[in-house]
Each structure stands twice: as C-alpha cells, then as structure tokens.
1. In a shell of Cβ-Cβ distance under 9 Å around residue A:85, excluding residue A:85 itself, what net charge do Lys and Arg (+1) and Asp and Glu (-1) give?
2. Per residue of A:17-26, what is the mean number of Cβ atoms on other protein chains within 10 angstrom of that residue's Cβ?
3. Checking the cross-link filter: which lysines have an alpha carbon closer than 28 Å to that of residue A:553, excluding same-chain neighbours under 8 positions apart?
4. Distance check, please: which entries in B:142/B:348; A:253/B:139; B:348/B:485; A:253/B:142; B:96/B:441; A:161/B:145 exceed 29 angstrom between their Cα atoms?
5. Work out the mean other chain Cβ neighbour count within 10 Å for the residues of B:313-322 and drop it here as an integer.
6. Could you pull out every one of the aspartates and glutamates with an alpha carbon less than 15 Å from that of residue A:381, ignoring same-chain neighbours closer than 8 positions?
7. Ranking A:218, B:221 by Cβ neighbours within 10 Å, fewest first, what do you get?
8. How many angstrom lie between the C-alpha centres of the stretch A:343-372 and the stretch B:329-346?
Amino acid sequence: MAMIDEPLYPIAVLIDELKNEDIQLRLNSIRRLSTIARALGEERTRKELIPFLSENNDDDDEVLLAMAEELGVFIPYVGGVQYANVLLPPLETLCTVEETCVREKAVESLCRIGAQMMEQDLVESFIPLVKRLAAGEWFTARVSSCGLFHIAYPSAPEALKTELRAIYSQLCQDDMPMVRRSAATNLGNFAATVEAPHLKVDIMSMFDDLTQDDQDSVRLLAVEGCAALGKLLEPQDCAAHILPVIVNFSQDKSWRVRYMVANQLYELCEAVGPEPTRSDLVPAYVRLLRDNEAEVRIAAAGKVTKFCRILNPELAIQHILPCVKELSTDSSQHVRSALASVIMGMAPVLGKDATIEQLLPIFLSLLKDEFPDVRLNIISKLDQVNQVIGIDLLSQSLLPAIVELAEDRHWRVRLAIIEYIPLLASQLGVGFFDDKLGALCMQWLKDKVYSIRDAAANNVKRLAEEFGPDWAMQHIVPQVLDMINNPHYLHRMTILHSISLLAPVMGSDITCSKLLPVVINASKDRVPNIKFNVAKVLQSLIPIVDQSVVEKKIRPCLVELSEDPDVDVRFFASQALESSNQVMMS
Amino acid sequence: MNGGDELVAAPAGPPQPLDWKFSQVFGERTAGEEVQEVDIISAIEFDKTGDHLATGDRGGRVVLFERTDTKDHGVPRRDLERMEYPIGRHPEFRYKTEFQSHEPEFDYLKSLEIEEKINKIRWCQTANGALFLLSTNDKTIKFWKVQEKKVKKISDMNLDPSKAVGNGSIASSSSPKHCLANGGSPDRSYNYLGNDFSFPPGGLPSLHLPVVVTSQETNLVARCRRVYAHAHDYHINSVSNNSDGETFISADDLRINLWNLEISNQSFNIVDVKPANMEDLTEVITSAEFHPTHCNTLAYSSSKGSIRVIDLRQSALCDSHAKLFEEPEAPGSRSFFTEIIASISDIKFARDGRYILSRDYMTLKLWDINMDSGPVATFQVHEYLRPKLCDLYENDSIFDKFECCLSGDGLRVATGSYSNLFRVFGCAPGSTEATTLEASKNPMRQVQTPSRPSRSLSSITRVVRRGAENPGVDANGNAFDFTTKLLHLAWHPTENSIACAAANSLYMYYA
C-alpha cells in the first residue's frame, strides 16, 4: 500500500472512491472529476484517467449521467483543445448505453466538445465516431448519432459531406422507430448546416420520408421539422414544399399529429410567412378549432390570440371569431379554460368596437362558466381588456363571479382568486374595491385553511402597497386589528403575521402608534404559540421603529417573555433580544 | 369426435398434421412430490427471436431460459437454415437465470392484499446485449433489465481500504483527522480541494487511480429499471408493447392505460368501460393486445364474448371502437351458462396482424380483422365437457382463464384444457388437423390409443400420483381432472415448438 503524503489525503480519498461500493460516494467523486484531473496533471489525465473512465461504463445510470456531464467541460483538464479528441472514446461508449438521459447528456457533451475542436481533429476523429455510431449494431448508438451530424457536417470535406448526407438518409429509414424518431427530431439542426442546393434535394426527400412514416410518433416529430425547415428555405420553396405538408398534417388521421400542428401553428405560420398563412393556414386552423378531438381543440384554442395577431382584424373577425364563439360553449371544460386564458388578449388585436360587439358577450358567458378554472382564467387577464374598453362594461358581471370564487368550497380556487385581488383592485379602482371587495379580504383572514389565511395576510400587505398607507389606515388596519381578539388562537396568529407584513409598508409612525401596542398586548396571551410569535414579530419590527421605542417598549416586553415558563417562548424571545443587541451595537 | 370444424375448404392441399415429440421438461415433479402453490407457473412468453423464454409464477418469480441449439455454433440462424441442416434439430433451451420480480404487498388504504403472482410477461426491445422485459402482477408493472456483468475486482488503492473513509465523512471520523494538513476542519478540507488550491503543473506523482481487474467470470444481473404503479384500481390482466418501441398498454377489468416505457409516473387512460353506476356493470375487459405492426391499432376482449378493435388515432379516449367482432348467439340454445362460457379469456394477434385468435371456455375462434360478421374458423376444444358445465360451475372451474397461441407461420393454433391436455388445430384452409397432447414426456398417448384400457390406467396412476380430488372418466372414455389444467402455453415465434405449463413444470414439444 502506497504511502500518501498528508496533504494529499483528501484527494487520495476522492480518487479511491471512484470505485467505492456506495453509489453516493462514487457520485461525489465523479462530480469532482476536475479536481482529480488537476491533481494528476494533464498528461496523466489523458493517459490514465480518461482510459480509466472509458472502462467504467457499466456503472449506475446516475454515475454515468454525471460522468457524461463532467466530460463535456473537460477540455481544459486534458491540455486544451489540441487534445480534445482523447475525450471522445468515453463519451462514445456513453452514447450507446440504453438509458436515454445518459445518452442525451453524452451527445450534448460531444456536441460541446466538437464545437471547440479543430477542423483537422473533427475530420480525423469526430466524423469517424459519428459514422461508427450511425452504423452501430444496437439502436441506441444509431439514436445518438443523429444528434451529432450538425457538428460533424460543416467541417467535412466534400466527399465526406455526401457520405454523411447518405448516412442520415439511411437513419431516416432505419428499421427501428426509435432511430427514425431521433432522426426526425434532429433534422432541423442538421438541415441548418447543409448547403442550400442539397437542402432542397437531399434534406427535403428525407423530410418527405419522415412525413409519410407509418409510425404516428415519427410523423408528429416531423411536424416540428416543418417549422425549422421552413425557416431555412426560400419563401417560394417553403410555400411549395412545406405548406402542403402542414395542410396535410392538419388533416392527419391521428389526433396526436393534429395536436402537434395545433401546438406548433404559430411557429409554422412564421415559417411560411404572412401571405400563405392567410390563404392556406387560416382554413387549416379553423378546422383544428373545430376538431372532434378535445385535446386538439385545447391546443388550438390556446393559440387563438397569437394566431390572430399575425392576421389582420378583418380576417380574424370573419374566420376565427365564429369559432371562438363556438369554443366558448364547448362541451369540454378544458377547452373553455384554454380559451379563457388567452381570449382577453384578443381585445387589443380586434380593437375597441369589435371587442365590445363581439368579444364582450363571450367574456360574460365565460365569467358565468360552471367551472372555476374558466372564470379564474378570465379574471387573471383582466388588465388586457381594461386597456381597450375599460372595465365598466364588465364590472357588473365581475362582482358576482369574484364573490362566488371567493367562497368556492375548494381552497385552491379561493387561493387563486386571492392572488388576483391586488390586480383586480388596481383595475377596478378604490371606489369599487371599498364597496364590494373589502369585506371579502377580511373574511379570508378567518378562513379555515391555513394557506388561505396566509395568502390573505399577504394580500392585505399588497393592497396597502397598491393604495398607500393613508387608505390602508382607513380601510384595512382598523379591521385587521379588531380581529386580534378573535377567540381562536390560530386567527390571532394570522393577525400577528399580517401586522409583521404591514409594518414595513405603513412606516415607523403608524407602526409605533397603532400596530406595536396591539402586539405588546398580545404578549399577555394565554397561548404560548401566540407569545413566541409575538417575539418573532417584535424582532421583525426592530429595524422599522426608532431606537428609543425599541428600548422603551420592545425590549421590556421581550425580557418578560424570555422568562416565560414555556421553552419555545423563551427561545424566540432570547433570539429577538440578541438581534436587538446587534442592532444597538451597529 | 373433438375435431375442428373448418369453415372453408380450399383446393390446395393443407399442410400435413404435425407429429409432436417431447423435447424438454423443466421442474418435473418426482413421484409423490406435492406442488407448492408459489411454484405454479402463471405466465409464459417467448421473445421476438425465439432465443429466450420467460416464465412467471405465483411466487412472483420470473425465470428465464435461453436457446442453446443455435448459440453453440456461432453461425447465424439464417445461414443455418440456408444450409438445409438436418431437420432433426429443434429448439432446445437451458435455464438462464431467475429473479424475484414481485413481492406480496398490502394496500393499507383499501385493506387489500396484493398477490405477488405474475399475471403477464412481455419482452421488450433488446439493446446492448441486455434483455428487457415487463412483468406485472395485479397492480404493478415492472420493467426489468437482465444483463451479463463481468466480475470486477478493485485493487491498489491510494489508501489502505481498512482506514479509508467516505469523503463526506472525513470530519465525523476521528482517526484520519490527524492526516489533514490544516487541522481537520471539514470546511477547510473541502476548501483545500476547491479551485483556489493550485496543483503543480505536472500533477502529483504519488497519486494513482485504482486498478480494476476484470475477470472472465460473468454474473447475470437482473435490475428493476422502472416501476409503473398506482394506475389501476382493478386487477391488471394484460400488458402489451406497441410496435413503436416506446409505449405499452396495461389493461385491467375496466380500463386500459397507455404508458411511455421511460416515464413511470404518468399514464394515459385510453379505454374506460366503467359505468357511472357500478350496478349497471355488465361487461369487463378480459384481455388486450396491440397490433404487431400498426402502432395505432389495439384489440381487447370482453367477458361478453366480443372483441373490439380500436384506432388510437381517432381520439384521445377511445370509448368508441373502430370494429366489433362478436358471434351472434345461436337461437334456442341459450342456457344459464351461455353467458359465462362466452367470456373470452385470451386474444392474440397473428404475427402478420391479419388474424386475431380468441379463446372462450369451450372454443377457440379465429377472426379475420377484415371480416366482422363472424369468425373464419371455430375449433371445439373440449366439447365432451358440455354436459358437465353444471359441475364445472359448482367447482368454479368454468371461470378458468385458458390462454391461446398461434404458430409463427399462422397455420396452426393451440390452447390448453383439463387433465394437462392441450390441443393443436390446423387453421389453414382444408386442414383437418386436430391433435390432442398431454403435457408429459409422452405427449401423443392420448390420441394414439383412443380406446385402449391402458390410458384410463395411466390416468388413474396419474391421479394417484398427483393426489387429485375428483378424477373421473366420462362416457366417451375421456379422463378429466379439473385440478390439473393447462392454462398457459406459448408457441415459438419461428419454429414448431410449444412451451406449456403443467402446474410447476414447463414442458416443451417440437414437431
């Protein structure tokens, strides 16, 4: 057993643990591979560590994943870019394992290394690697190879380029659907590196193959290729080659493919340009909005605003709006919900008149929807409509919707509406708020569910920020402080929490005159939980109020609490005292 | 007597009936040995190439067998076939490995025991020389990887292994503390390893990597890669892989879920036959299988004797079927048992995907996927039991779920029966092949000697040996023994070879 110098002990442990039985320790060592490499020096890293790692390919996936990641940034430790090729063999092995996430990480690292390699090295070692993987016996290697072509291709000499294109074309027709899926996924990246003449011939024919694949899963990945390829092609080629494919896909027998089209439609429109969008994609989109599969309608409905933005308002009103009306009464709540989350954004697109005439009835009907999600989605985007038509037209319908949501029996719904109260308050104005919503905000402070009380306390603070301390003094603070006498200690705790949140917003004066006395008073509570929360709140008030107030009011109270019979109260009181000491010292 | 009723007669001569011979038996019982419940085989499956065979048992174990007759030569099988090797060769298997796939569990929320019994095994795509398979019990599906690993030994560490401690525990262990240069504070020892420490440019020569010695010994290691749980309220009866290589389905009594092999925490419900009110329940799903090549086609059978083919492209929730196959009830023949025996216990697609084979209690039916008016062929499996249905109902045997299988070339079908018998029928046009075999070392004795008294003698000896409760010989001289039933069997994908389970024994035959 070799003797190790004392200073080297930790690093020696680290190295040994590359082979420890405990996976956590192996993982630790792999994560610190760069340290090991520096300890060994560049030359021994190249000659010993990297070959050692290449052998280490049957470890747990977690370890392999970490190794794949570390090797991606390993160039400096092997002696710089001129030695980058020594990193390829271990990553090549990792590209063939059957765990997908390890392979993907290895491909990512290879791309990162390849992007830095010198052209000569790419030709001599990287491209052969890609070819080996592409000819791999198992599909795992071939799957990985697809993601490397866009790095290999640009620096290849002409003959090799032809070969690489041919290989990729083979991969697009592989027996294994997994390989074809990977080829479809990476086609866009690869196409971006291919010269224009080959793009139109070779790449397009691969693309055609993929778009006609038997496997739905391959075809739906080809949809994504449409957008990527479209951006590379000249507009007229795009209209000639890509557009018909998109239109076909939008009528594919498989709803999953149509779903993909609906999801990608905006990108596809960008790819083909505005003119073909209006002439060809509008009908396709209308079909998708009326698809008989709800999932497709959900995806399509979610894109309605984005799509209308590319169109002119007339077309939108003429073609899209009728579908939107239908969707607002769709039988699937998820479709309505998706529509509600974007429809408010159509107001700026359509302009004031059309919004009042056409959209408003839809908003109103969605506000009365039986599912809370739909109503919530409308309320959450209220500001977008406000800018166009003002809120007055909506406010009458809003209030019942808000009240109903505020009292919904699912606490998550109540929580969601609380989150929107500051937004609503700012849109609806002080007057409306005072009349209708103030009482609700107080009611939430006494909710049965902690998360609601917590959110309500936060809401009170945000309202004070929104409308200013003066307003808060009138409309919030008295009501909140009133509740400190609530018989339920949990509710008293909520009030203490609210006070600690309000204090920074209200400022020193109000805190001293109104809030502090209430807190001090609460230190006499019979429940220890309240008392130690008083200590916590007092601690939070120290930086806000004057030093003299701390001395005169806060510290005496804390001193008293620090002698409380309850251990927790004593603990938090002494903690608060300590922090007050620190403030004094500084 | 028990012959198949072919519906179509073709001018071309049907293939000759096969002459079945015993090949192998695994786990054969010795005289007087009692069968342990946990050892009873509950699933059999060949992989796509036919080079491997898996069985699952009631004890939650999966046993793998590998083919030996092709591997020994190192010549690809395709070349062997071209060389027109003597026909005498037949698939031979040897035990490869076994592992515990499922353990008994208890669902505390529902106060239900979950048996460890393996309901189905399905092979997945091989990769990197490792085998992959799905196994399921009533509730949980597991994805297994079985791989040969070379035994490795680590030697020549930097530190004496007896003293070495984890790099996370340097601080907590007292003995190595004195080794640390800066006085043993854990934070500082980590800082020491941090980036601010400068190593000499040539590295530290005294450090070296551990040496790994790889021996020639290999270990077969089975590792559970993923667990697909908590998606079924009822008992899973089937799992089936999709031809796309990335998804599979699992079916229980009322629902079919679609999974991605790589994602174990979510699945999509694609078929749901659960009525709003469970009192309206009239039909349950009994079996489901993907089409062998069309990724969007799925077939499932029901307890009412119908097979539904659905097209996954049509909609996300496939409550409406694309095709329905069922045989109209023969008028006048209705009895108390009609509905019970109509229940389909298993369906299988033929290899080309054109035909579906279904098994109900009394018959085997072959359906053409392009013809939904009725089956193209119906084979009576054990017609002599029809008068006994009442007894079979009394002892619950009528609910036994027999599996069925097709030969790789689609010319023959097979299924099991009682008394450890199984039957092979020719389904090529004009074929009258209808063979009865017994899962024993002498499979043909049943058919070769239809009326010799020795058969009933042999059945008596068998009964005595196996301690069956209710042996009997019916009017036709057929022995039947409800306790020895042959439920599970599988046909080799490329050759005429059948593996079948008789209790805890796996019998293999070839022709």
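1. Once positives and negatives cancel, what remains is -2.
2. Taking the mean over all residues of the peptide, I get 4.
3. Result set, ordered by chain and number: A:461, A:514, A:524, A:531, A:536.
4. Result: A:253/B:139; A:253/B:142; A:161/B:145 exceed 29 Å.
5. For peptide B:313-322, the averaged partner shielding equals 3.
6. Partners within reach: A:373, A:419.
7. The most exposed by this proxy come first: B:221, A:218.
8. For the stretch A:343-372 versus the stretch B:329-346, the Cα centre distance is 58 Å.
Laboratory data are not the source of any read-out in this text; all were calculated from the coordinates shown. All of these numbers come straight from a predicted model, not from anything done at the bench. Glycine gets a Cβ as well: all are built from the backbone with ideal geometry, and neighbour counts include every protein chain shown.
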